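Visitor: Please see the structure below; I have some questions.
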Amino acid sequence: MLRSTDPDIIHPYLKDASNLNGGYAQEVVFPENETEVIRILEEASCTRTPVTISGNGTGLVGARIPFGGIVLSTEKLGGLRGVYQADSNSGYIITGPALTLKGLQEAASANGLLYPPDPTEQNAFIGASVATNASGARTFKYGATRTWVRRLKVVLVTGDILELRRGEFPADSEDHIFLNGSRNIFELKLPHYRSPNIKHSAGYYITPEMSALDLFIGSEGTLGVFTEVEVELILKPYGFFSGIVFLNQEEDAWHLADQAREESLKNRVSQTKDQFDASVLEYFDSHALHILRTAYPQIPPQAQSAVFFEQEILPHSKKKLTEQWFRLFQNHQVLLDQSWFSESSQEHTEFRVFRHAIPALVNKLLRQHHQMKIGTDFTVPKEHFFDLLRLYRQTLKDSGLRYCTFGHIADNHLHVNILPQNDHEAQRGWQLYSQIADIIIRWGGSISAEHGVGKIKRNYLLNMVGHSGIMEMACIKKKLDPYGILGRGTIIPEEFLNT
């Protein structure tokens, strides 16, 4: 097993996509198997040395940034175990935690299968994706990562190995979960708060009669180290009809997306085959289009908003479904002659690249001003869909700050990126972020839909679940990690672990 105290080797593990600064560590270790993971954790437990689990550095909330102790890199724990057919309509994949999502999709595709959640960052490790309950554009149809995890193998600080399968170790009527480790039995008392029934990745997931597996999904490296992951796959769709449609007004895009969502949900409930059913609905406001024009000058100059849509098709259904979509577009003043529609799988792929281009362009702008992105990851219940859109637009317009809005409109989940050009604007941006977060919480929303809490959003989670909720999470953590060494400072502020 490779270990290093060389500052030059440690340095890359002191940063991630959050741009959180100030991280430091005494050592980085690279276990290659489960036995080595156990040895590292047992040694750290004996010396009370903090251990920060590191994925591929794609996280946006600073969970992998260490502040002392050891960095445990999972990059040598990859290793695709196999892709298996479960039945005629589904399969599953077993892998180590360091397989990238791109590698996972390629392995699935080679077997005629698809991993449905489709998180945006394809260089992320599957272990990290599970650790944050990541989601993506297709979450509207298929749900987040949690829905597709069948099994996890987890090593605890105690040296215990947990085998967690979907449906096993359920919470009892008094909210207790009993876990059988390889060495110990753990009794966990679940918190009193309940996770909202919306897209959500903030703190430990808690619902009545939940499976123990769900406690670890979204735990952001604070409860154990994943050494094996098993996720479900579906048959790869025959094809897609997709496009990027442009509109003259932002409100037109809001109402288009809302109707497309409602039609899709209605058809899913009725289980009507070969009917209108969007798998993707992604929104871009006028400011996002302005930024995208630097890379895509062919965007219509009068367009003030856009929606990227995707519909799964079969050979016999394309004509009918295309007609249904075009009727919808005509009802919402879409600039049909200037919109883009896929005629091939290559064009469909190019549209997905277009969607993923905006975060990279935003980061490029921020680097010019040496600033850190202030990006929201809020989501709200359906009844506050239009409230959210109006809140973002009016509040940001009044602030005078530069910003853009884009993202998963069908999930009531948009990313507002505030783009400060100096430290003063950054301070104002974070004040605005806090004000919006308070409103989101009052509406019953989540302060993190898909990125997790990490070290950056702990105070917002405290506002969301309260002091008692954080204390109850800390009690769970201390049962599994008695000395609080794993993922120190992530999700739970350290002072809650010292009481």
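Visitor: For Y193, Y238, what's the fewest-to-most ordering of other Cβ within 10 Å of each Cβ?
Guide: Lowest to highest Cβ neighbour count: Y238, Y193.
Visitor: Just how far, in whole angstrom, is region 438-499 from region 214-280 if you go by their alpha carbon centroids?
Guide: 28 Å
Visitor: Would you work out the charge dipole size for the chain about its Cα centre, treating the Cβ of every Lys and Arg as +1 and the Cβ of every Asp and Glu as -1, and quote it to the nearest 20 debye?
Guide: That gives the chain a dipole magnitude of about 320 debye.
Visitor: Can you pull out the GluC sites (Glu not before Pro) in region 89-197 whose DSSP state is coil and whose Cβ has at most 16 other Cβ atoms within 10 Å? Could you put the intermediate results ahead of the total?
Guide: Numbers: sites: E106, E121, E163, E168, E174, E187; in loops: E121, E168, E174.
Of the GluC sites (Glu not before Pro), the ones in loops of region 89-197 whose Cβ has at most 16 other Cβ atoms within 10 Å are E168, E174.
Visitor: Now for a different question. I'd like to know which of S399, A449, L414 lies farthest towards the positive end of the charge dipole of region 369-452, counting +1 on Cβ of Lys and Arg and -1 on Cβ of Asp and Glu.
Guide: Highest projection toward the positive end goes to S399.
Visitor: Let me ask something else about it. Among V225, Y84, F140, which residue has its Cα furthest toward the positive end of the charge dipole of region 80-235, with +1 on Lys/Arg Cβ and -1 on Asp/Glu Cβ?
Guide: It is F140.
Visitor: Using the reciprocal of the averaged 1/r over all distinct C-alpha pairs, how large is the Kirkwood radius of region 369-452 in Å? Show your work: numbers first, answer last.
Guide: Values: mean 1/r = 0.0775 Å⁻¹.
Roughly 12.9 Å, rounded to one decimal.
Visitor: Calculate the FRET efficiency for S399 and S468 from the Cβ-Cβ distance with a Förster distance of 30 Å, rounded to the nearest 0.05.
Guide: Working: r = 34 Å, r/R0 = 1.12.
Calculated value: 0.35.
Visitor: Measuring from centroid to centroid over Cα atoms, what is the spacing of region 104-133 and region 325-368 in Å?
Guide: 22 Å
Visitor: Okay, next question. Consider the candidate values (1) 0.96; (2) 1.19; (3) 1.08; state which one is Rg/Rh (Cα atoms, Kirkwood Rh) computed from the structure displayed.
Guide: The value matching this structure is (1).
Visitor: Restrict the search to region 329-376; then list the GluC sites (Glu not before Pro) that DSSP places in a loop and that have at most 15 other Cβ atoms within 10 Å of their Cβ.
Guide: E343
Visitor: For the residues I441, I65, I470, what sequence is obtained by ranking on other C-beta atoms within 10 Å, fewest first?
Guide: The fewest-first ordering by Cβ neighbours comes to I441, I470, I65.
Visitor: Can you give the alpha-carbon Rg of region 126-266 over 2.2 N^0.38 Å, where N counts its residues?
Guide: Working: Rg = 18.8 Å, N = 141, 2.2 N^0.38 = 14.4 Å.
Region 126-266 yields a ratio of 1.30.
Visitor: Taking the Cα centre as origin and putting +1 on Lys and Arg beta-carbons and -1 on Asp and Glu beta-carbons, what dipole magnitude results for region 240-362, to the nearest 20 debye?
Guide: Dipole of region 240-362, to the nearest 20 debye: 280 debye.
Visitor: Based solely on its DSSP helices, what 222 nm [θ] is calculated for the chain when runs of n ≥ 4 H residues each add -39,500 (n - 2.57) and the sum is averaged over all residues, nearest 500 deg cm²/dmol?
Guide: Only helices count here, giving -10500 deg cm²/dmol.
Visitor: Need the full-extension length gain, E494 to Q431, defined as separation in residues times 0.36 nm minus the C-alpha distance. One decimal, nm.
Guide: 20.3 nm
Visitor: In whole angstrom, and with the biggest value first, how far do the Cα coordinates of region 101-193 range along each principal axis?
Guide: Result for region 101-193: principal-axis Cα extents of 40, 29, 21 Å.
Visitor: Take every Cα-Cα pair in region 2-73 and report what % of them are more than 18 Å apart.
Guide: Considering region 2-73, 34 percent of its Cα-Cα pairs are separated by more than 18 Å.
Visitor: Give me the one-decimal nm value for the distance between modelled label points at Q85 and H176, 7 Å along each residue's Cα-to-Cβ direction.
Guide: Placing both labels 7 Å along Cα→Cβ, they lie 4.6 nm apart.
Visitor: What does a probe at Q421 reach in region 362-382, counting residues whose amide N is under 11 Å from the point 7 Å along Cα→Cβ?
Guide: Flagged as within label range: 369.
Visitor: Continuing with this model, one more query. Tell me, in nm to one decimal, what length is gained between K318 and N363 on full extension, where the rule is 0.36 nm per residue of separation less the Cα-Cα distance?
Guide: Full extension of this stretch gives 12.4 nm more.
Visitor: Okay, next question. Which loop chymotrypsin sites (Phe, Trp or Tyr not before Pro) in region 345-410, with loop taken from DSSP, have no more than 10 other Cβ atoms within 10 angstrom of their Cβ? Let's see the in-between values first.
Guide: Values: sites: F351, F354, F378, F385, F386, Y392, Y403, F406; in loops: F378.
Hits after loop and neighbour filter: nothing returned.
Visitor: I'd like the Karplus ³J(HN,Hα) series for region 445-459: coefficients 6.51, -1.76, 1.60, θ = phi - 60°, whole numbers in Hz, and an x wherever there's a Gly or Pro.
Guide: Result, ordered by residue: x, 10, 7, 8, 8, 8, 8, x, 9, x, 9, 7, 10, 4, 5 Hz.
Visitor: Same structure, new question: Rank these for me by crowding, T49, T379, T499, T74, going from fewest to most other beta carbons within 10 Å.
Guide: T499, T49, T74, T379
Visitor: OK, next. Going toward the positive end of the dipole of region 240-362, with +1 on Lys and Arg Cβ and -1 on Asp and Glu Cβ, which of L265, Q298, F246 do you reach last?
Guide: L265
Visitor: If each of C46 and Q122 carries a label point 7 Å out from its Cα toward its Cβ, how far apart are those two points in nm?
Guide: Inter-label distance under the simple model: 4.5 nm.
Visitor: What does the charge count near N422 come to, summing +1 for each Lys or Arg and -1 for each Asp or Glu among other residues with Cβ under 12 Å from its Cβ?
Guide: 0
Just so you know, all these numbers are worked out from the coordinates, no wet-lab data involved. In this text, all values refer to a predicted model and were calculated from it rather than measured experimentally. Using ideal geometry, Cβ is built from the backbone for each residue, glycine included, and neighbour counts are taken over all protein chains shown.
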